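Reviewing the structure listed below.
Just so it is clear, none of the values below were taken in a lab; they were calculated from the coordinates. Only a predicted model underlies this, so the values are computations on that prediction, with no experimental measurement involved. Here the Cβ is made from the backbone with ideal geometry for all residues, glycine too, and neighbour counts use every protein chain on show.
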Amino acid sequence: MKKFNFTVSYKIKYHKFLFRTLFKSKILSALRLVISNKVFEK
């Protein structure tokens, strides 16, 4: 039972970490798009 709980908590932590990195990369790519659009407008 303890091992099962450990795997569940590990998976939850892993998914949170994965979600955070994906979220950050999405924000970064969106920022890059905005910046490049502003540069091309000039």
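Enter the angle in degrees (range 0 to 90, nearest 10) between the Cα long axis of helix 2-41 and the first principal axis of the Cα atoms of the chain, meaning the one along which they spread out most.
The angle comes out at about 0 degrees.
Go through [x] 11.3; [y] 10.7; [z] 12.7 and flag the label whose value is the computed Kirkwood radius over Cα pairs in Å for this structure.
[z]
At 222 nm, what value in deg cm²/dmol follows for the chain if DSSP H runs of at least 4 each add -39500 (n - 2.57) and the sum is divided by all its residues, to the nearest 500?
Mean residue ellipticity at 222 nm (helix-derived): -35000 deg cm²/dmol.
Taking the Cα centre of the chain as origin and charging only Cβ (+1 Lys, Arg; -1 Asp, Glu), how large is the dipole, in debye to the nearest 20? Don't jump to the answer; show the numbers that get you there.
Values: 11 positive and 1 negative charges, 52 e Å.
Computed charge dipole of the chain: roughly 260 debye.
How far apart, in nm, are two points set 7 Å out from the Cα along the Cα-to-Cβ line at TYR10 and at SER36?
Going by the 7 Å Cα→Cβ label model, 3.9 nm.
Have a look at ILE35, SER9, SER25 and report the one farthest towards the positive end of the charge dipole of the chain, computed about the Cα centre with Cβ charges (Lys/Arg +1, Asp/Glu -1).
Farthest along the dipole direction, towards plus: SER9.
How many lysine pairs are close in the chain, with Cα atoms under 24 Å apart and the two 8 or more places apart or on different chains?
For the chain, qualifying lysine pairs total 14.
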